[in-house]
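Structure record follows, encoded as structure tokens.
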Amino acid sequence: MMKVVVVESPAKAKTINKYLGSDYTVLASYGHVRDLPAKDGSVNPDEQFSMIWQIDPNSEKHIKDIATSLKKADELLLATDQDREGEAISWHVMDILQQRSALKGKKVKRVVFNEVTQNAILDAVAHPRDLDQALIDAYLTRRALDYLVGFNLSPILWRKLPGSRSAGRVQSVALRLITEREDEIEAFDPQEYWTILADCLGSEDRHLEAKLTHLHGEKLGKFAIKDEAAAQQALAEINKHLYHVDSIEKKQVKRNPAPPFTTSTLQQEASRKLGFGASRTMRTAQQLYEGINLAGETTGLITYMRTDSVQLSQEALTGSRKYIQASYGDKYLPEKPRVFKSKVKNAQEAHEAIRPTDVSRHPRDIATFLSDDQRKLYELVWKRMVASQMTNAILDQVGINVASPDQNVIFRANGSTIAFDGFFKVYRESFDDAKKQKEDDEKMLPRFEQGEKLDLEKVTPNQHFTQPPPRYTEASLVKKLEELGIGRPSTYASIIRTLQDRDYVRLERRQFHPEDRGRIVTAFLLNFFKQYIEYDFTAGLEDQLDEVSGGKLKWTDILNKFWRKFNASVEEAKGLTITQVIDRLNEDLKVMLFPEIEPGKDPRVCLKCGEGQLSLKLGKFGAFIGCSSYPDCKYTRKLGEPSDSESAVTFEPKELGVDPKTDLKVTLRKGPYGFYFQWGEPEGKKKPKRVALPKQIDPDDANLNIALGLGALPRVVGVHPETSEEIVAAIGRFGPYLKYQGKFTSIKGDDEPTTITLERAVEVIAQAPKRKPRAKANTNTTKKKRTVAKKKAPAKKTVRKKKGVTI
């Protein structure tokens, strides 16, 4: 009996085909095969939200291949990923084949597996199930919601805010988080405070650094010493006394290991430890999941990477405990396996955490088969999994109080040492919070005796200012979205990528900065569509989608309730005038748009004419600042430009090193269009080689290696496996791109033209949106127009010189 198996990717198809043998034909759908076309009517609320689907032109070939193979088969096994999106892909494939009468007399079954290993695949095929209609309904609800919001809200943005991009149901909420954090930073008023540290000297030259905690017998709050004068008064009091070790407090504390990775925690930790963006993390995890060629055998190295569960299978627990005992000994093995509970609400779509498929496969044993990114991420997953099943770490914590005899002045020193390393032997978690990270780091104190006399060798007052909340990093943004219940772990990477692609935010030094365009869009939505970007509202929709997944809620009920209110808001917003929109934005964004130049002077008074009022203006190329006295006063400036007329600070060329191939000095320079690398200096009329620094690279991070990599462009990435034609990577005026078959595809996200692999390049080209072919012009009509034009247009005399002859 022949069977056709459909998976999502060709890499997975190749691996699974080896496991199943000659009775099976394994084919790839190459992801989603169809979607809602971006036009009016794709979702019809008046007909119970019926949907019109359109097959991707690239998918047509794959669907035909599946249909052709089915002619000789008896059964279709849909083996796409086990989550909501995977269920949807299987449904789409089956629905298309049914419409084409390709499933007559064929059995259709669904198989799911958590890892691409032979045992897992054979077990899944032996225990098939039917398609899960509840999961499909949840997908349909989510897709309809995204379409209805995007397709109805985006046109309003385009009309009321020229130059803006589209709006999305979840992306707009994430953008709000980033812009509101920027508002907090701009409104932050730093507060001064002082701390006092003492370098205490005991016998045998033992030093102890301690912080002042009590003065005049009272415990000091954070702002107790508010200025330098107060600090000097404290010093005067400190210098009046002698000091001794008043008390020594010792205790042991246990540290528990973190649970194995979920999608969210993997993205966070890969960002902190490896500097990977969310997209880069998920792309690399996908490769490890689908299979790596290990000495001739393709093997899946980690389990499915889209999950919010921290559970582990019994097989994984048994294997990890066996490995820990053999590798580290009994003292590192707990009496019983650790069982973790998910803190994520409704964590139900996946059944196991992200872990190695075989814990005995140590990272160092397979490092030669992996790319640098694959090796780093596999090692991270492996260490986290093994550490999660090891014994607690035990720390000896010590606190020493240094006091004056009358207890009028007290200093405190804290430290800790590792009494038993436990899971620390393999792995320690990182933190976004620098203070928490510092507390977790080891600090050992010298041994002192209670009552021992100490000299204060040096007492140092230190000035501090409170700091604004930090901008979001990819790790902290993912963590915040998960805390609020916004989006799903599998969508975080695409949310972040979309915000960057729309130029709503930029990533600098691994922190998100909102662009002016993004702040204006957020202000508009908060004013006129606030309910739909409220955190609770968006999280509530996610909860309802989970209830649909569990079969507890009817999907059309959610859409009906949402659409009635949303459609009313859309109709109301259509009546807004540009003036109404601008007046609201001028008020909401006044700190950003009209920063104060001189105290007491109205920042909205035009700098040029002194009479007109500055205001946000909306042109066809986007927003800018202009004077109300136009056309008499033509003062304008771009958003983000300084309000005054002072010129920007000049940037001196920064020498990076010498290019070994040309022996030319490479420098980083700044021109009118941004930063660029230059090789050598001009020689007569010969201009030196120059290469622009990509926007996503911070000038402070620019170095010789980056310059040489960019200078080597364009580079041949490799030959496309299907056509044997070259793929070339380069950077153009619109950013990095791939050139293939005469067509250009933008490179976005974490990919770089200097390092992008052939496998990734093929994937980027396949996923690029296809442009509609231009309609062919009517030849006869065109000829007539040209003829008429030729008769009406007077002949022009063109004079040009060629070798001294006038033509």
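The values are calculated or read from the model by the stated rules, or taken from the named source; none is laboratory data. Remember, it's a predicted structure, so these values are computed and weren't measured experimentally. Positions of Cβ are generated from backbone atoms using ideal geometry, with glycine treated the same way; all protein chains shown enter the neighbour counts. Side chains are part of the model used for accessible areas, which takes the heavy atoms of the whole protein and leaves out ligands, DNA and RNA. Shrake-Rupley method; radii C 1.70, N 1.55, O 1.52, S 1.80 Å.
Of the solvent-accessible surface of segment 492-570, computed with a 1.4 Å probe over protein heavy atoms with every protein chain present, carbon and sulfur atoms account for 43 percent.
Among all cysteines in the chain, which have no other cysteine Cβ under 4.7 Å from their own Cβ? Singleton cysteines: CYS200.
Per residue, how much accessible surface does segment 357-483 expose to a 1.4 Å probe? Answer in Å², no decimals.
Numbers: 6310 Å² over 127 residues.
The answer is 50 Å² per residue.
Label-to-label distance for THR417 and TYR630 is 7.1 nm, based on points extended 7 Å past Cα in the beta-carbon direction. For LYS608, the aspartates and glutamates whose Cα comes closer than 14 Å to its Cα, not counting residues fewer than 8 places off in the same chain, are ASP632, ASP644, GLU646. Taking a ≥ b ≥ c as the square roots of the eigenvalues of the Cα gyration tensor, segment 500-594 is classed as oblate, since a/c reaches at least 1.5 and a/b does not exceed b/c.
Give the calculated FRET efficiency between GLU204 and ASN239 to the nearest 0.05, with a Förster radius of 35 Å applied to their Cβ-Cβ distance. Computed FRET efficiency for GLU204 and ASN239: 0.90.
For the residues SER271, SER166, a 1.4 Å probe over the protein chains yields an accessible-area ranking, largest first, of SER166, SER271.
Trypsin sites (Lys or Arg not before Pro), restricted to segment 1-47: which are DSSP loop and have at most 11 other Cβ atoms within 10 Å? Mind showing how you got there, number by number?
Values: sites: LYS3, LYS12, LYS14, LYS18, ARG34, LYS39; in loops: LYS39.
Here the trypsin sites (Lys or Arg not before Pro) that fit, given the DSSP loop and packing criteria, are LYS39.
What does the extension gain come out to for GLN613 and THR723, with contour length at 0.36 nm per residue minus their alpha carbon separation? Please report the intermediate quantities before stating the final value.
On the way: separation 110, 0.36 × 110 = 39.60 nm, distance 6.07 nm.
Additional length available on full extension: 33.5 nm.
Taking every C-alpha pair closer than 8 Å and separated by at least 6 residues, the mean separation divided by the residue count of segment 1-50 gives a relative contact order of 35 percent. Taking each of LYS226/LYS601; LYS530/LYS561; LYS254/LYS322; LYS273/LYS443; LYS61/LYS106; LYS226/LYS251 in turn, the alpha-carbon distance tops 26 angstrom for LYS226/LYS601; LYS226/LYS251.
Rolling a 1.4 angstrom probe over the protein heavy atoms with all chains in place gives segment 234-280 an accessible area of 43 Å² per residue. In the structure shown, the pairs LYS14/LYS104; LYS661/LYS686; LYS64/LYS748; LYS219/LYS240; LYS64/LYS109; LYS376/LYS480 are assessed against 22 Å; a Cα-Cα span above that value is assigned to LYS14/LYS104; LYS64/LYS748; LYS376/LYS480.
Using the 1.4 Å probe convention, the accessible area of segment 122-230 works out to 45 Å² per residue with neighbouring protein chains retained. What is the Cα centroid distance between segment 670-707 and segment 529-581, reported in whole angstrom? Segment 670-707 and segment 529-581 have Cα centres separated by 48 Å. Note on ASN560 and LEU122: the extension gain reaches 153.4 nm, defined as 0.36 nm multiplied by sequence separation minus the Cα-Cα distance. Straight-line cross-link partners of LYS574 among the aspartates and glutamates, defined as a Cα under 19 Å from its Cα and at least 8 positions apart when in the same chain: ASP40, ASP583. Taking only protein heavy atoms and a 1.4 Å probe, the accessible area of segment 19-83 is 46% carbon and sulfur.
Efficiency by 1/(1 + (r/R0)^6): what FRET value for GLN467 and LYS104, r their Cβ-Cβ distance, R0 = 51 Å, to the nearest 0.05? Present the calculation step by step, with values, prior to reporting the outcome.
Working: r = 68 Å, r/R0 = 1.34.
Efficiency at R0 = 51 Å is approximately 0.15.
Between HIS362 and LEU713, the C-beta separation translates, for a Förster distance of 30 Å, into a calculated FRET efficiency of about 0.20. Packing, taken as the mean count of other beta carbons within 10 Å per residue, orders the peptides 5-11, 708-714, 623-629 from highest to lowest as 5-11, 623-629, 708-714.
In summary, the convex hull built on the alpha carbon positions of segment 449-565 has an orientation-averaged projected area of 15.1 nm².
Within the accessible area of segment 249-349, the carbon and sulfur atoms contribute 46%, probe 1.4 Å, all protein chains present.
Can you tell me the order of 475-481, 257-263, 746-752 when each peptide is scored by its average per-residue count of other Cβ atoms within 10 angstrom, highest first?
Working: 475-481: 22.6, 257-263: 24.6, 746-752: 18.4.
The packing order, highest mean first, is 257-263, 475-481, 746-752.
In this structure the amide hydrogen of LEU333, modeled in the peptide plane, comes within under 5 Å of the amide hydrogens of THR391, none closer than 5 places in sequence on its chain.
Output the peptides 80-88, 404-412, 364-372 sorted from most to least packed, where packing is the average of other Cβ atoms within 10 Å over each peptide's residues. Display every interim value, and only then the final one.
Details: 80-88: 23.6, 404-412: 17.1, 364-372: 13.0.
Answer by packing, highest mean first, reads 80-88, 404-412, 364-372.
Given the alternatives [x] 28.5, 98; [y] 32.2, 110; [z] 28.6, 91, Rg and Dmax of the Cα atoms in Å as computed for this entry is given by [y]. Reported to the nearest whole Å, the Cα centre-to-centre distance from segment 722-755 to segment 229-248 is 66. Between GLU47 and SER247, the distance separating the two model label sites (each 7 Å from Cα on the Cα→Cβ line) works out to 7.8 nm.
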